[in-house]
1. Test residue 136 against the stated conditions and say whether it is surrounded by fewer than 20 Cβ atoms within 10 Å (Cβ to Cβ), modelled with pLDDT of 95 or more, in the same structural domain as residue 291 (by TED's automatic domain parsing) and closer than 28 Å to residue 94 by Cα.
2. Check residue 60 against each of (1) free of Cβ contacts under 8 Å to residues at least 60 places away in the same chain; (2) under 30 Å from residue 361 (Cα atoms) and name the one condition it does not meet.
3. Quick check on the range 287-302: of everything there that is over 11 Å from the mean Cα position of the chain (by Cα) and under 22 Å from residue 129 (Cβ atoms), which residue is surrounded by the fewest Cβ atoms within 10 Å (Cβ to Cβ)?
4. From the list 248, 262, which one is loosely packed, with under 15 Cβ neighbours inside 10 Å and in a loop (DSSP other than H, G, I, E, B)?
5. When residue 148 is evaluated against the numbered criteria (1) in contact with a strand residue (DSSP E or B) (Cβ under 8 Å, 6 or more places away or on another chain); (2) outside the structural domain of residue 333 (by TED's automatic domain parsing); (3) in a loop (DSSP other than H, G, I, E, B), which criterion, by number, is the only one it fails?
6. Among the listed residues 232, 256, 194, 228, identify the single one that is assigned by TED's automatic domain parsing to the domain that holds residue 165, closer than 22 Å to residue 293 by Cβ, in contact (Cβ under 8 Å) with a residue 60 or more places away in the chain and out of contact with any helix residue (DSSP H, G or I) (no Cβ under 6 Å at 6 or more places or on another chain).
7. Residue 237 fails exactly one of the following numbered conditions: (1) closer than 29 Å to residue 357 by Cβ; (2) over 24 Å from the mean Cα position of the chain (by Cα); (3) crowded, with 18+ Cβ neighbours inside 10 Å. What is the number of that condition?
8. Are there strands (runs of 3 or more DSSP E) fully within the range 282-379 with at least 1 residues that are assigned by TED's automatic domain parsing to the domain that holds residue 244, at pLDDT below 95 and farther than 18 Å from residue 186 by Cα? List them.
């Protein structure tokens with residue numbers, strides 16, 4: 001009994017902090033000796049649905065028991081299910097997700113080799129195919145997107161070599177869009193929240209649900225398509241026309257329901273005066289705008305962010321070129337001391353358990369992930 005108590009306590013501590021929650025040698029013994037059910041029943045910090053899923057694992061273990069590499073993946077998968085409170089309906093579903101998990105491991109190794117300044121590993125998305133990941137966790141529509149020509153400039157403004165709005169009262173909390181493809185709404189509302197902090201020293205948690213619901217299929221707001229994609233410019237225009245209310249008055253539910261509730265009238269908390277598209281392919285102007293005005297919205301190709309953990313991303317472009325699919329908030333820039341690599345600081349909308357507590361660093365000055373093509377500021 002004492003051993004079980006120690007194990008459960010160790011699990012409770014490790015759940016939030018470690019990739020490997022359990023000693024894999026002990027896991028192996030529990031499976032071999034048919035004791036895994038007792039262990040699972042004693043776990044804290046997992047939902048009942050996750051517990052049911054873990055009880056489905058013995059038959060999958062039997063299938064991989066004769067292959068050391070497969071067993072390593074299986075142990076990692078068991079950790080993954082518990083850490084991220086995953087739930088699967090059947091052994092068939094479990095096996096299908098395990099295959100996708102192994103494919104994620106292959107991509108992680110490939111990305112790590114190509115991008116040594118970053119760290120990649122299993123994340124909450126590792127049981128998804130790349131197509132599922134993009135469909136559920138991004139949400140940018142590229143319909144009618146147009147680049148803005150770069151202006152010829154003889155002289156640039158002088159700005160610091162590094163600037164981070166997180167250290168200057170210009171960034172609000174990391175949010176999580178869930179499984180609704182509405183990144184455009186989260187990036188836009190976060191940009192407006194940042195402006196309120198910078199201009200007025202006021203902190204808001206604006207209603208992302210209002211941004212999704214009230215631009216849904218509305219022509220003047222770009223016909224945003226709810227959980228199936230949209231553009232931040234439509235949300236900016238809504239904030240100009242009627243303003244945005246607080247999260248508490250129109251709570252975000254689309255991330256779990258995948259449904260778009262009807263737009264409703266709520267008390268206006270903030271309005272903005274204008275938004276602007278910045279020139280394409282001009283990372284110097286991007287840095288100047290971030291420093292002088294505040295965080296800005298950018299559109300990127302997020303495919304290789306699926307398993308990002310740490311460091312500076314500078315992924316190899318796909319053979320077919322980049323494919324813009326995600327809206328995020330650019331909150332600062334800097335230079336890595338040991339390598340002198342310049343980077344952007346980007347706030348994402350996948351919760352604090354992803355990346356650098358919700359942020360990602362991307363190499364600056366090389367249009368990595370096509371991040372300099374579609375850029376927007378709001379005032």
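The values are calculated or read from the model by the stated rules, or taken from the named source; none is laboratory data. Note that the coordinates shown come from a computational prediction; the quantities given were computed from them, not determined experimentally. Note that we place each Cβ from the backbone using ideal geometry, even for glycine, and neighbour counts take in every protein chain shown.
1. So residue 136 passes the test.
2. Only one criterion is unmet by residue 60, namely (2).
3. 301
4. Answer to the check: 262.
5. (2)
6. Only one candidate passes the filter, namely 194.
7. Only one criterion in (1) closer than 29 Å to residue 357 by Cβ; (2) over 24 Å from the mean Cα position of the chain (by Cα); (3) crowded, with 18+ Cβ neighbours inside 10 Å is unmet by residue 237, namely (1).
8. none
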